[in-house]
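The values are calculated or read from the model by the stated rules, or taken from the named source; none is laboratory data. These numbers come from a predicted model, not from an experiment. Reconstructed Cβ throughout: ideal geometry from the backbone, glycine too, with neighbour counts over all protein chains shown. Remember, those area values only see protein heavy atoms, side chains included, never the ligands or the DNA or RNA. Shrake-Rupley method; radii C 1.70, N 1.55, O 1.52, S 1.80 Å.
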Amino acid sequence: MYSDLITKIRRIRDRATPQVRRPFYIGLGVGLALAVLVALGLSNTETFFAMPSSFGDQATSQAIWGLKPSNLLMVLPLGAFLVVLARSFVGVKAFGLFTPMLIALAFLQIGPIMGPVVLGSSVLAGMLMTPTLLKLRMTRVGFLGTLISAIVLVLVALQGLLDTKLQVDAFPVIVCALVVERWWRQWEKDGAKEAAWQAFNTFMISVVIQFVMVSHIALMLIEWSPLLMPAFTGLAIAILGRYRGLRLSEIHRFAPIWLERRRVAKNAELPEGVEEDRRSGAPDTRRISAEPDVPEQPEGVPESIPIAMNERAPPPGGAQANSAQSEPPTVPNSEAQFAARFGTSAKLPVNKTWVIGSPEDV
Amino acid sequence: MFENLSSIWRKGDGRKVGHGMEPAPFGSLDEILGINMRNALIAKYNPRSAIERARDKVAAKVALEAAGIACTGTIAVIDDHQKLNAFKPLRDMPDAWAIKPARGSQGDGIVLSVRREGDTWYKGSGSPLTETDVMHHIQKVVDGGFSGDTVSEDAALIEPLIIADPTLADLVPEGLPDLRVICLHDEPIMAMLRLPTNASDGKANLHQRAIGAGVDLVTGQITRALVRGEVITHHPDTGTKLIGYQVPGWDRVLELAGKCGPAIGLGYSGSDIVLDKNDGPLIIEVNAHPGIEIQNICQLGLKAQMARLGEDFK
């Protein structure tokens, strides 16, 4: 079954055009680089399961990764850089703008395992409370205030349960409260599935950011000079932040357009009478719909099939239609299509509907 | 897609795909407008003040009506607690109405009543609304409960319910279909019709399984229809044929849509238009950040369309 999958992937790769293949390779490269950094961060992690109380007076980030609390500020730009990468190149949907970065920072303060545990349990508690809170018809500020109290309660309970001292200051508590609120909003708006997906994305980005932040390379840069990290990432963000192309997720999103064009082109190649210029004038959909012989389409659609690729799919009737449509010269045609809009809008609408209304007219 | 990135360093003229009349070669995703490019366009053409105006439905309505553009009617605007206390739904509201938060987005916080029996109104789904429910909802709107993170107070806009044009109403089981027309300055460049389904609960929102139907700009006919990425030819609930449906008064729709952006001050805008039974096309809202899903619906690239109008994407 795996060989099937591999041949399928290979076939897709062979058919892909350079425009799609190139971002794929670049994405792969960036992914690999990130994976290496995360692996470095993981290898740098002294201990995963130690309870924060065992570190004594030492800060958690210092004890586990050797990251001084005063240097927590220095890794912040690195987090921002990764968030920019995830948002404007990959197009990951996450809660908030820089929330993943804040969560990663909170993880650094609490610990690699304890962080997610604390976050998870406070979000869970907040979720359980929210329906009751919403019934009280509170304002948003009141709602957030109550959530903060609830999350602190959960933290106290956790400390008692695990018999440890969590070094949690005000900052992670607020982050948790905001995550709960985001989660609930998303749930109300787009349903549980979308909310869960976004929560998962947020969590994954946070974990990646967390380990990149504590990788050897990052720590080395910080140790070298405190100026290096902010300057370097600031410059990188300034260059990459100008990116205006498609995001990786948008290639997937708009792939149907590209795939259908391909299919149309393939169908167009089949009949012998078709000229070459059809190949260059790709967006057939526009030309077909813009031409006055639109009534061809409804005829070709079989009534029994609700999901049909309609006008282009059938080769028997389609061959005739295609050769008929390739007769008018392509280049002036698309020009005329646009110019026609001004002309027709001046005409009576009745006239226009009449022209296209019945198939017998053509 | 990464060609654009490299052009930053090259400082060359980049790639002018779709410029002129020859469309981009197929397989190219370059004619498609991504979110990054859309945001750049908005930064270029939509000034901050105009975006604020578009976001506030009350302010937008004032600007549109000043420009002589037909909008939906208004029963009341409640923007503070004083007005809220003076408002008596049983006395002041008709049988069928819509309550909207002035700064809401994506249909959040909109409540519709379709009929009234005694002291109770009924939603389209049939669930009852008492006077207390209505007041609670208005209060939540005024407190900014549906208006995003940055606003703590908002206005509730109360409008008479729109009855859709009969030919359009026949296409759908319930709910109000609306048109979305994307304009660059005063030129309409792409249009779609959003049709509610039973699955979308009467809402014309593509995320909630409403149908998106691409409308040909020249003829005003539906050329293609999709629900959740699947191509369809007939409405799944009513069985009515969608392909080839002629939007009534199409020229008027285009004319209205083209005026909206300039009236509010937006260079790149998406106008939401409903077709009223009596009044014809009416503007419900003008978006300063119109979505890009319309490209999948119409199977056309917004970037290519704009390039034809001479936009150079710098």
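Is there a residue in the range A:109-131 that is assigned to a loop (DSSP other than H, G, I, E, B), under 28 Å from the mean Cα position of the chain (by Cα), surrounded by fewer than 17 Cβ atoms within 10 Å (Cβ to Cβ) and more than 14 Å from chain B (Cβ to nearest Cβ)? Yes; the residues of the range A:109-131 include at least one that is assigned to a loop (DSSP other than H, G, I, E, B), under 28 Å from the mean Cα position of the chain (by Cα), surrounded by fewer than 17 Cβ atoms within 10 Å (Cβ to Cβ) and more than 14 Å from chain B (Cβ to nearest Cβ).
Contact annotation: residue pairs with Cβ atoms under 7 Å, 6 or more positions apart or on different chains, pairing a residue in the range B:247-265 that is within 11 Å of another protein chain (Cβ to nearest Cβ) and farther than 16 Å from B:D56 by Cα with a partner that is in a helix (DSSP H, G or I) and of a type in the set (A, V, I, L, M), are B:V247/B:V253.
The number of residues in the range B:45-69 being touching a strand residue (DSSP E or B) at 6+ places or on another chain (Cβ under 8 Å) and open to solvent by 30 Å² or more (accessible area, probe 1.4 Å) comes to 3.
Considering only residues that are in contact with an Asp or Glu (Cβ under 9 Å, 6 or more places away or on another chain) and within 13 Å of A:C176 (Cα to Cα), look in the range A:139-154 and name the one that is most open to solvent (accessible area, probe 1.4 Å). Among those residues, the one meeting the criterion is A:L144.
A search for C-beta distances below 6 Å between a residue of the range A:217-236 that is among the acidic types (D, E) and any residue that is in a helix (DSSP H, G or I) and surrounded by 15 or more Cβ atoms within 10 Å (Cβ to Cβ), counting only pairs 6+ apart in sequence or on different chains, returns nothing. The set of residues from the range B:29-44 being of a type in the set (G, A, S) and either open to solvent by 60 Å² or more (accessible area, probe 1.4 Å) or more than 7 Å from chain A (Cβ to nearest Cβ) (or both) comprises just one member, B:A43.
Of the residues in the range B:189-206, at least one is within 13 Å of chain A (Cβ to nearest Cβ), modelled with pLDDT of 90 or more and surrounded by fewer than 22 Cβ atoms within 10 Å (Cβ to Cβ).
In the range B:103-140, the qualifying residues are those that are more than 23 Å from B:D154 (Cβ to Cβ) and touching a residue at least 60 places away in the same chain (Cβ under 8 Å), and the one that is surrounded by the most Cβ atoms within 10 Å (Cβ to Cβ) is B:G124. The helices (runs of 4 or more DSSP H) found entirely in the range A:209-269 that carry 1 or more residues being within 14 Å of chain B (Cβ to nearest Cβ) and open to solvent by 80 Å² or more (accessible area, probe 1.4 Å) are A:228-240, A:248-253, A:255-269. Within the range B:226-285, the set of residues being in a loop (DSSP other than H, G, I, E, B) and among the aromatic types (F, W, Y) comprises B:Y245 only. Summed over the range B:76-131, the residues that are of a type in the set (A, V, I, L, M) and not in a loop (DSSP other than H, G, I, E, B) give a count of 11. Out of curiosity, is B:E159 open to solvent by less than 30 Å² (accessible area, probe 1.4 Å) and either among the hydroxyl-bearing types (S, T, Y) or in contact (Cβ under 8 Å) with a residue 12 or more places away in the chain (or both)? It is true that B:E159 is open to solvent by less than 30 Å² (accessible area, probe 1.4 Å) and either among the hydroxyl-bearing types (S, T, Y) or in contact (Cβ under 8 Å) with a residue 12 or more places away in the chain (or both).
The strands (runs of 3 or more DSSP E) located wholly in the range B:158-221 that include 1 or more residues which are touching a Ser or Thr at 6+ places or on another chain (Cβ under 6 Å) and under 24 Å from B:P236 (Cβ atoms) occupy B:211-215.
Checked against (1) surrounded by fewer than 21 Cβ atoms within 10 Å (Cβ to Cβ); (2) part of a helix (DSSP H, G or I); (3) touching a residue at least 60 places away in the same chain (Cβ under 8 Å); (4) not basic (K, R), B:A304 meets all criteria but (1). If you go through the range A:89-129 and keep only what is free of Cβ contacts under 8 Å to residues at least 40 places away in the same chain and either of a type in the set (A, V, I, L, M, F, W, C) or more than 23 Å from A:W187 (Cβ to Cβ) (or both), you end up with A:L97, A:F98, A:L124, A:A125, A:L128, A:M129. Close contacts from the range A:189-216, counting a first residue that is over 30 Å from A:N44 (Cβ atoms) and a second that is surrounded by 19 or more Cβ atoms within 10 Å (Cβ to Cβ), with Cβ to Cβ under 7 Å and a gap of 6+ residues or different chains, come to A:E194/A:Q186; A:A195/A:W183; A:A195/A:Q186. Of the listed requirements (1) in contact (Cβ under 8 Å) with a residue 24 or more places away in the chain; (2) open to solvent by less than 60 Å² (accessible area, probe 1.4 Å); (3) within 14 Å of chain A (Cβ to nearest Cβ), B:D143 misses just one: (1).
Taking B:I222, is it open to solvent by less than 10 Å² (accessible area, probe 1.4 Å) and without any contact (Cβ under 8 Å) to a residue 60 or more places away in the chain? Here the answer is yes, as B:I222 does meet what is asked. As a summary of the residue check, B:P173 satisfies the conditions (1) in contact with a His (Cβ under 9 Å, 6 or more places away or on another chain); (2) open to solvent by less than 50 Å² (accessible area, probe 1.4 Å); (3) in contact (Cβ under 8 Å) with a residue 24 or more places away in the chain except for the one numbered (2).
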